[in-house]
Amino acid sequence: MDRSPLSPGEAEELLSAFREAFNAGEYRVALDKVERLWFATREPLFLGLTRVAVALNQVYRYGLRESPRGLLRSAQQLLAPYGPRASGLDLAALLAGLAPVLAALEGAPGSGSAAACPSPALAVAQDSDAPERREGNGPGLRAGPPGAGV
């Protein structure tokens, strides 16, 4: 995997391509895009999104339960410190969309099959606040969770 730094334009293009593939249910393609962001920045936000893409690929393509359950739990922990929005993404809506999938994977009564759950969407955050940045990250790429001393 390419670990070289990204130009601001490359980072924004990857994030946009990730969101488009994710929302189309093309989780393997989405994974390729977000992994590039993760390897270039080592930003936990992108590790969390990587785990979401892997988990949903396993659920919807292969019908797996155990591995996606662990990946989604881990993703929730990685994404939670960012609050409702990060890098222009609506994380609150994503996490809410993942809740029924995780409930089904955990066998919650009445939750049904995880593969029967609607695919969560990754929306553009409706926020005019400028996200935090760390040197080396492209514009709009959050440097770390709020309060991380960035």
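All of the numbers you see were taken from the coordinates with simple rules; none came from a lab. Please read these numbers as outputs of a predicted model, since none were measured by experiment. Please note: Cβ atoms are built from the backbone with ideal geometry, for glycine as well, and neighbour counts cover all protein chains shown.
A few notes on this one:
- Local electrostatic count, VAL101, Cβ distance below 15 Å [Lys/Arg +1, Asp/Glu -1]: +3
- Volume of the Cα convex hull of segment 1-77, divided per residue and given in Å³: 77 Å³
- Count Lys and Arg as plus one, Asp and Glu as minus one, and take only other residues whose Cβ is under 10 Å from that of VAL59; the net charge is then +3.
- Computed label-point distance, nm, for sites SER113 and GLU66 using a 7 Å Cα→Cβ extension: 2.0 nm
- Peptides ranked, highest mean first, by Cβ atoms within 10 Å: ranges 77-87, 50-60, 113-123: 50-60, 77-87, 113-123
- Fully extended contour minus Cα-Cα distance, from GLN76 to VAL124, at 0.36 nm per residue: 15.4 nm
- Reducing segment 97-126 and segment 21-76 to their Cα centroids gives an inter-centroid distance of 14 Å.
- Radius 13 Å from Cβ of GLY112, net charge of other residues (Lys, Arg +1; Asp, Glu -1): 0
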